[in-house]
Amino acid sequence: MVREAAVTDTREKLDDDTARAARQLSDKAEVADGVAGLSEQAVAAIDTDRVTHVVSFRDGVLVGYANITPGRDDEPAMIEAVVDPEARGQGIGGSLVAAALEKAGPTARIWAHGDLPAAQALARSHGLAPLRELLSMRRPLGDPQNPLPPLTVPDDLVLRTYAGPDDDAEILRVNNAAFDWHPEQGGWSIDEITGRTGADWFDPEGLFLVFDHADPNTLLGFHWTKVHPAVTHDDGDVEPSIGEVYIVGVDTGTQGRGLGKLLTLAGLIHLEDRGLPIVELYVEGDNAAALHTYGKLGFSRHSIDVAYGRPVDA
């Protein structure tokens with residue numbers, strides 16, 4: 001039986017069936033590859049019109065999906081793409097990426113989660129080079145051979161957990177100040193905060209806030225932790241639940257007070273107390289200060305995501 005060629009087009013909004021198929025495609029790729037098919041942000045955007053959607057169908061079945069997040073100010077648009085593992089090696093990925101790049105413009109970048117060999121080859125075929133690295137780092141918890149250091153809160157600081165929506169405005173302010181340079185984390189609106197505090201996974205006891213004792217209403221920094229539930233695969237293998245250093249944000253002008261380390265450690269102790277065996281985090285590959293802090297807390301490199309784009313001098 002001769003199968004039809006895949007048909008690729010762009011859409012501003014997906015119908016419910018296509019959105020569901022896109023999420024299933026990402027899950028299927030993660031099982032096959034051992035790394036996420038799409039990031040959390042890209043999966044969350046599947047049901048929205050905040051991104052441009054690129055879809056590839058063959059015989060009426062979704063076999064490829066990508067979305068394009070427009071750049072803010074001078075930042076490039078960001079593309080994430082995933083192809084059905086059973087449909088790879090048939091030119092679908094190439095057509096999907098070509099359509100996404102044409103729509104997104106010449107400065108766009110495309111993420112390769114795990115930077116797998118197939119993704120590297122696809123990037124090269126489009127004349128793309130690695131322009132940004134995002135490292136995944138991990139450390140064990142509850143290991144007597146690699147214990148967490150004790151948590152000491154200086155007398156001039158107040159450390160507490162999330163008290164409710166009254167904290168949201170300050171979290172948003174610090175987030176956007178700390179990540180004004182970041183293409184995904186910066187420029188949030190209150191919707192990004194309330195969406196996460198309303199999510200099933202949200203735990204108010206896992207969101208740590210630090211204030212100056214003399215000014216308890218002005219947030220200095222926060223650490224948002226997250227717990228990923230255990231996953232049972234079709235073959236019966238079980239991936240244990242894992243903790244995540246989800247977001248650590250420190251307000252500008254507060255550097256030198258050790259707030260990042262304090263907040264990170266508070267979250268790690270919380271995750272360890274919950275009995276989690278391991279914790280992960282993501283950090284920019286060129287963020288030397290953060291890499292130093294996390295290294296001193298016992299983290300080591302686990303994997304890498306790479307953003308590819310056209311070389312600056314091209």
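The values are calculated or read from the model by the stated rules, or taken from the named source; none is laboratory data. Bear in mind the structure is a predicted one, so any value in this text is a computation, not a measurement. Note that each Cβ is placed from the backbone with ideal geometry, even for glycine, and that neighbours are counted across all protein chains shown. For the accessible areas, the whole protein counts, side chains as well, though only heavy atoms, and no ligand, DNA or RNA atoms are used. Shrake-Rupley method; radii C 1.70, N 1.55, O 1.52, S 1.80 Å.
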Review point. Inside the stretch 204-216, can you point out the residues that are open to solvent by 60 Å² or more (accessible area, probe 1.4 Å) and in contact with a helix residue (DSSP H, G or I) (Cβ under 8 Å, 6 or more places away or on another chain)?
Key: Glu205
Revision key, fill the gap. Scanning the stretch 63-81 residue by residue, those under 14 Å from His53 (Cα atoms) and open to solvent by 40 Å² or more (accessible area, probe 1.4 Å) turn out to be Thr69, Pro70
Practice item. Would you mind telling me which numbered condition in (1) more than 18 Å from the chain's Cα centre (by Cα); (2) surrounded by 12 or more Cβ atoms within 10 Å (Cβ to Cβ) Ala230 fails? Key: (2)
Point to revise | Sole exception among (1) loosely packed, with under 15 Cβ neighbours inside 10 Å; (2) under 25 Å from Val283 (Cβ atoms); (3) modelled with pLDDT under 95 for Pro144, by number | key: (2)
Review point. Can you tell me which residues in the stretch 251-283 are under 14 Å from Pro150 (Cα atoms) and among the β-branched types (Val, Ile, Thr)?
Key: Thr264, Ile269
Review point. Which of the residues that make up the stretch 270-314 are within 15 Å of the chain's Cα centre (by Cα) and of a type in the set (A, V, I, L, M)?
Key: Val279, Leu281, Val283, Ile304, Val306, Ala307
**Study point:** Check on Thr52, among the β-branched types (Val, Ile, Thr), open to solvent by 10 Å² or more (accessible area, probe 1.4 Å), out of contact with any Gly (no Cβ under 6 Å at 6 or more places or on another chain) and at pLDDT 95 or above
**Key:** yes
Review point. Does any residue of the stretch 158-171 turn out to be under 28 Å from Ser303 (Cβ atoms), open to solvent by 30 Å² or more (accessible area, probe 1.4 Å) and free of Cβ contacts under 8 Å to residues at least 12 places away in the same chain?
Key: no
Review point. So which pairs qualify, if the first residue must be in the stretch 110-132 and touching a residue at least 40 places away in the same chain (Cβ under 8 Å) and of a type in the set (Asp, Glu), the second must be in a strand (DSSP E or B) and open to solvent by less than 30 Å² (accessible area, probe 1.4 Å), the Cβ gap must be under 8 Å, and the two must be at least 6 apart or on different chains?
Key: Asp115/Ile304; Asp115/Asp305; Asp115/Val306
Check your understanding: Of the residues that make up the stretch 234-245, is at least one on the phi > 0 side of the Ramachandran plot and either over 20 Å from the mean Cα position of the chain (by Cα) or free of Cβ contacts under 8 Å to residues at least 24 places away in the same chain (or both)?
Key -> yes
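Do any strands (runs of 3 or more DSSP E) entirely within the stretch 22-127 hold 3 or more residues that are over 17 Å from Glu184 (Cα atoms), and if so, which? Before the answer, list the steps.
Numbers: elements: 52-58, 61-69, 78-83, 109-113.
Filter on the stretch 22-127 gives 52-58, 61-69.
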Study note, to complete from the structure: Looking across the stretch 271-314 at residues that are surrounded by 14 or more Cβ atoms within 10 Å (Cβ to Cβ) and acidic (Asp, Glu), the single one that is farthest from Ala129 (Cα to Cα) is Glu272
Revision key, fill the gap. Taking the stretch 116-125 and the residues there that are exposed (fewer than 15 other Cβ atoms within 10 Å of the Cβ) and not hydrophobic (A, V, I, L, M, F, W, C), the one that is farthest from Arg310 (Cα to Cα) would be Pro117
Practice item. Kindly indicate whether Gly195 is within 28 Å of Asp74 (Cβ to Cβ), open to solvent by 40 Å² or more (accessible area, probe 1.4 Å), in contact (Cβ under 8 Å) with a residue 40 or more places away in the chain and touching a helix residue (DSSP H, G or I) at 6+ places or on another chain (Cβ under 9 Å). Key: yes
Practice item. Pairs only if they're at least six apart or on different chains, beta carbon under 6 angstrom, first in the stretch 294-314 and modelled with pLDDT of 90 or more, second among the β-branched types (Val, Ile, Thr) and open to solvent by less than 100 Å² (accessible area, probe 1.4 Å); list them, first residue then second. Key: Tyr308/Ile110
Point to revise | Answer from Gly267, Gly256 - the residue that is closer than 21 Å to Arg160 by Cα, of a type outside the set (A, V, I, L, M, F, W, C) and either open to solvent by less than 20 Å² (accessible area, probe 1.4 Å) or in contact (Cβ under 8 Å) with a residue 40 or more places away in the chain (or both) | key: Gly267
